[in-house]
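Any read-out appearing in this document is the output of simple, stated calculations on the displayed coordinates, not a laboratory observation. Computed from a predicted model, the values in this text were never measured in an experiment. Glycine gets a Cβ as well: all are built from the backbone with ideal geometry, and neighbour counts include every protein chain shown.
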Amino acid sequence: MTERPTATTTTISAVKNFEGKLVRIRGWLYNKRSSGKILFLIVRDGTGIIQCVASKGDVGEEMFKNLDGLTQESSLIVEGTVHKDNRAPGGYELQVTSCEIVSQAWPDYPIALKEHGPEFLLDHRHLWIRTPKQRAILTVRAEVMRSAREFLDSEGFVEVSAPVLTPSACEGTSTLFATEYFGEMAYLSQSGQLYNEATIMALGKVYCFGPTFRAEKSKTRRHLTEFWMLEPEAAFMTFEELLDLEERMVSFIVHRVLDRCSKELADVGRNPKDLEDIAPPFPRMTYDDAVKLLHENGFEFEWGDDFGAPHETFLASQHHRPLFVTHYPTKAKAFYMEPHPERPEVVLAADLLAPEGYGEIIGGSQRIHDYDLLLQRIREHNLPMEAYDWYLDLRKFGTVPHSGFGLGIERFVAWICHLDHLREASPFPRMINRIRP
Ligand code: NSS
């Protein structure tokens, strides 16, 4: 008797290394076709999709019947021989030798392989994420997060987590989520920045990376109420150095995604050529010039206002690379921003606007390091002084000029993956009318 070869357990993405060999794939049934004597099982395992071909002769009468009755999303462990086939999705298929059905799925899988409306899909987000496009987006998101860390770590930044429960606002009091905290008021963090400004005085260059919260009352394609923000901050970093850091980091991440996620970009329908040119230097334009350009192009816009989505879209559409808009009006921006040394009516702040209508992906600035000016701003913004006493301490004990920025991960991923709406860039998006699932 000849001994049966044993199958190697592997993933669909790695079957190319096993041509002609017997492998074991563990996954879920994505789709199924039958031509009488042959079954085509389309199996996914999180790393990819493969066609598994089962014949009655190979798997036996009973197993063939069981496989024929398999419902979408049934979980299974398939063994078979790997064959190269250029017509097959992924370039390889499996000639099934045996199969174990781990769990036969209920017959009424809600996400049938047809078009569904966005609300239905969001209600079933826990299942929707299994589809190839959503899987690809989540994979790109992970690569964006990984490469951002890789870049900052290699530049000597230290990751220091900021708290989520906080006593004070960073980005204005109108979007705070409040909660009762043992008899006191507390707020979900809008940004870790204020804490970064403390930790840089201990570590020099830091970043925090975590969920942040904004009670955004508007329903737009660009706003979530919970999103992830990457926030680098460095002592002694000037405004110019800040912009250099931003453009180098953004370019690094984009090229990492191009190198490592070509399959995922294809799955989301993004042409990599659109992103290949992203490299320093990024174009820069002052707010004043941006307003001029808007006026010349028929936009009604008053100096001093913040840009809305149509303005950002127009300004950024003039370029193939992200655009820095710099020197915003002091009154339009946050309390902590350093004024321009010769023009106190504008601040040393820049927003980075992504092309193709994606708008602001980064907000950053040099920070006020002078005690008296910061105190004055806290008063002007009617912020409760007692919540900022520790923050003012930072200007009493060894204050230095410093700068930092925040990159919104979902905005970044939406741009890279060419998504219509930010909600698909979050595993479980939170919006004004949605906290489930
Ligand atoms: O409000 S920001 O412009 N800036 C800050 O929070 C600073 N405190 C960050 C810092 O300097 N450390 O937000 C930064 C980015 C912004 O450019 C967007 O990409 C993203 O955070 N952002 C959002 N993404 C999704 N949904 C909402 N609501 C949102 N708000 C900001």
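Some values worked out for this structure:
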| quantity | calculated |
| --- | --- |
| Whole-Hz couplings from phi, Karplus 6.51/-1.76/1.60, listed for the range 420-437; x for Gly and Pro | 6, 8, 4, 4, 7, 8, 10, x, 9, x, 10, 9, 3, 10, 8, 10, 10, x |
| Relative counts (whole %) of C-alpha pair distances in the chain, using bins that are 10 Å wide | 4, 18, 25, 21, 14, 10, 6, 2, 0, 0 |
| Peptide ranges 321-329, 57-65 listed from the most packed, as the mean C-beta count within 10 angstrom indicates | 321-329, 57-65 |
| FRET efficiency, SER55 to ILE435 (Cβ-Cβ, R0 51 Å, nearest 0.05) | 0.60 |
| Check: the chain dipole with +1 on Lys, Arg Cβ and -1 on Asp, Glu Cβ, in debye | 1840 debye |
| Principal-axis tilt of helix 371-380 within the chain, Cα atoms, nearest 10 degrees | 80 degrees |
| Pairs of Cα atoms farther than 23 Å apart, the range 8-103, % | 13 percent |
| Calculated log₁₀ intensity ratio I(q)/I(0) where the Debye formula runs over C-alpha points of the range 185-317, q = 0.13 Å⁻¹ | -0.89 |
| For the range 223-249 versus the range 401-429, the gap between their alpha-carbon centres in whole angstrom | 13 Å |
| Cβ-based charge dipole, the range 10-169, positive-most Cα from GLY48, PRO118, GLY80 | GLY80 |
| Charge-dipole axis of the chain as Lys and Arg at +1 and Asp and Glu at -1 on Cβ define it, positive-most pick from PRO329, VAL413, ALA162 | VAL413 |
| Proximal lysines relative to LYS65, as straight alpha-carbon distance under 30 Å, when same-chain residues fewer than 8 apart are discounted | LYS16, LYS21, LYS32, LYS37, LYS56, LYS84, LYS114 |
| Computed FRET value (nearest 0.05) for ASN66 with THR8, which takes r as the C-beta separation and R₀ as 25 Å | 0.55 |
| Efficiency of FRET between ALA105 and LYS396 - r from beta-carbon atoms, R0 51 angstrom, step 0.05 | 0.20 |
| Total charge dipole magnitude, the range 8-103, about the Cα centre, Cβ charges on Lys, Arg, Asp, Glu only, Debye to nearest 20 | 240 debye |
| Whole-Hz couplings from phi, Karplus 6.51/-1.76/1.60, listed for the range 62-72; x for Gly and Pro | 5, 4, 4, 5, 4, 5, 4, x, 5, 9, 4 |
| Sum of -39500 (n - 2.57) over DSSP H runs of 4+, divided by residues of the chain (222 nm, nearest 500) | -9000 deg cm²/dmol |
| Protection proxy ranking, peptides 341-351, 193-203, average beta carbon neighbours within 10 Å, highest first | 193-203, 341-351 |
| Ratio of Rg to Rh over the range 246-324 (Cα coordinates, Kirkwood Rh, two decimals) | 1.08 |
| Cα-based Lys pair tally, the range 125-425, threshold under 25 Å, eight or more apart or on separate chains | 13 |
| Net lengthening on full extension, LEU373/ALA309 (0.36 nm per residue, minus Cα-Cα) | 19.9 nm |
| Rounded if a/c under 1.5, otherwise prolate or oblate - the range 388-437, Cα gyration tensor axes | oblate |
| Most to least packed among 20-28, 265-273, 356-364 [average Cβ atoms within 10 Å] | 356-364, 20-28, 265-273 |
| For the range 117-219, alpha-carbon Rg over 2.2 N^0.38 Å | 1.37 |
